[in-house]
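To keep things clear, I will list the structure first and then write my remarks on it.
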Amino acid sequence: MEYDAALEHLGRCGRFQKITAIAMSLVGIPAGFNMVAMTFLGAMTDHRCRLHDNSRGWANVTEGLNASIPWENVGGTWRLSQCNMYEDPIGAETGERNATIETCKYGWVYDRSQYSSSIVTEFDLVCNKAWLTELAQSIYMSGVCLGAVLFGALSDRYGRRPILLLCLSVQIPLMFAVAFATDYVTFVTLRFIIGATMNGFLYSGIVIGTEVVNTSMRTLFGMSVPFTMAISYILLGALAYCFRDWRTLQLAMSVPLILFLSYWWLAPESPRWLITNHKAEEAKAVIRKAAKQNGVEIPEKIYELIDNKAGEQGSDAHDCGPRTYTMLDLMRTPKLRSTTILISINWFVLSAVYYGLCVGTATLAGDHYVNFITSACVELVGVFLAWFTMERCGRKLPSVVFMLLGGCACAATAAVPENYRMISTVLAMVGRFGISVSFNVFYVYSAEVFPTVVRNMGLGVATMLARVGGIIAPFVYLLADTWRPLPLLTFGIMSIFAGLTMLTMPETLGKPLPNTIASVENVSQLPPPILVPDGVVLPGDSDKPLVVFQKLTVM
């Protein structure tokens, strides 16, 4: 808790904390761009077979299409086939019923009234290749999964700042490169790597911000990340409206990332990570820089505490000098193992249900761009509601209540008669809102329950399972072939189960961040810091007695 002691002198919200918190909250913008970019990059449009020879002498285009392309019934509506044509349009014109139908052999003609181009229209990802569009998003999410584990472990081992800058350095040129991809394989390969580096960039930034700010400011910072992600959705919708060509849109999303090169100067290393990993001199350098920015002085007693911490070997098996932590450490001790499992389960369910409901409500009537931006504005309401409830009710209660609300709303659709489908739509939207609020709470809660030595690794494992949930979510809707309400009922049961498991988790509101695995195992014995007139009492990081020292005033 030596950094908490330094914060008492740095101030609750000094210039150093403000700059770091704002900079780290902005990592949500490129993350938001990339997470939902396929909405526009891979937009599906109406299409039909291209006719090799349109000069058949028909009086008008409609007559020619009717003679060349068969009609089909889709969902009770008759339309021209999108994937088939008559082998002999002349025979079809004369009304012969034995006209042979075959697949499009001259390519496709696309409706470009809303999108001038997308990867669908450029790479012909329609008909028997339509699944490749969904595969492209799944490959991207697979990259996110890989990045969660890989960069989470590297961040805990080598520091938050190096990994953040590494991911940023790789991500920027690849974002521009995607706009010049000439084939599908190149496109999905670049997006896979971007997904991995995006996740490393996002969660390294979240962890730096969480570990730098004061305990009382963690909720505000935690909510700033989903806030900037919602803002990025609005910006993406506006950019997509202005740039209807997918390559131009990709370039427009890439240009703002150049501003993030300033992180070479703005992003500090986490003092908590430095102290926990016995890097006393580097930690003191960061704190001195922070004190200079805030216009304060740090008493030498604080630096002595940091030196003493760095020199300690301790007797605790989990806190005896510098060591390398692995994912196995997340499962070695009872409380941390329970935390890892429950947080991972909830991330999986939240992601699966959230993205599943997004897929299920994607067919709303109206302009696509307006619907997209409106949905992003609704997300902002969820952010503010999550912030309001967390500040007053903690983390656990809002997570449980809104997850149960979302689950019950989804499950209730099973009881709605077929003739009242509008009620099912309203219940699905309530479910999405409840899940989105819980999602926002989890950005803060997940970063607070893991100890500093494995925080990024724990977040990496949990969010990896979240992306797995996002990958399988669209396939849940295949259950509708068995029974129409079954997909939403499935999402509802998953949400209710996950919400109930949260009841066993600890509350973290107002409590200091755990630094070591031992502090997690003793969490029930560790009270929050207590300010007294002549000193500050801080909980220890292991079974050792509490550390008590005088709060010094520099003349």
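No value in this document is a laboratory result; all are computed from the given coordinates. As the structure is a prediction and not an experimental result, all values here were calculated from the model. Ideal geometry is used to build each Cβ from the backbone, glycine not excepted, and the neighbour counts take in all protein chains shown.
Highest mean packing first, where packing is the average number of other Cβ atoms within 10 Å per residue, the peptides 2-11, 100-109, 237-246 line up as 2-11, 237-246, 100-109.
Of the cross-linked pairs LYS284/LYS511; LYS18/LYS511; LYS18/LYS289, which ones have a Cα-Cα span greater than 18 Å in the structure shown? Result: LYS284/LYS511; LYS18/LYS511 exceed 18 Å.
If contacts are Cα pairs under 8 angstrom and at least 6 residues apart, what is the relative contact order of the range 88-235 in percent? Show your work: numbers first, answer last.
On the way: 109 pairs, mean separation 34.8, N = 148.
Value for the range 88-235: 23 percent.
Where does the charge balance sit around GLY470 when Lys and Arg score +1, Asp and Glu -1, over other residues with C-beta under 15 Å from its C-beta? Spelling it out: positives minus negatives among the neighbours equals +2.
Our coupling estimate for the range 9-20, obtained by passing each phi through the Karplus curve with A = 6.51, B = -1.76, C = 1.60 and θ = phi - 60°, is 9, 5, x, 5, 8, x, 4, 4, 5, 5, 4, 5 Hz, Gly and Pro reported as x. In µm²/s, what is D for the range 124-249 at 10 °C and 1.306 mPa s, where D = kT/(6 pi eta Rh) by Stokes-Einstein and Rh is the Kirkwood radius from Cα pairs? Answer, rounded: 97 µm²/s.
When peptides 16-29, 340-353, 196-209 are sorted by average Cβ neighbour count within 10 Å, with the highest value leading, the order is 196-209, 340-353, 16-29.
Amide H contacts of GLY107 (H built 1.01 Å from N, in plane; Pro and chain starts excluded): ARG50 sit under 5 Å, all sequence-distant by 5 or more or on other chains.
Filter the chymotrypsin sites (Phe, Trp or Tyr not before Pro) in the range 385-488 to those in DSSP coil with at most 15 other Cβ atoms within 10 Å of their Cβ, and list the result. Answer by residue number: TRP483.
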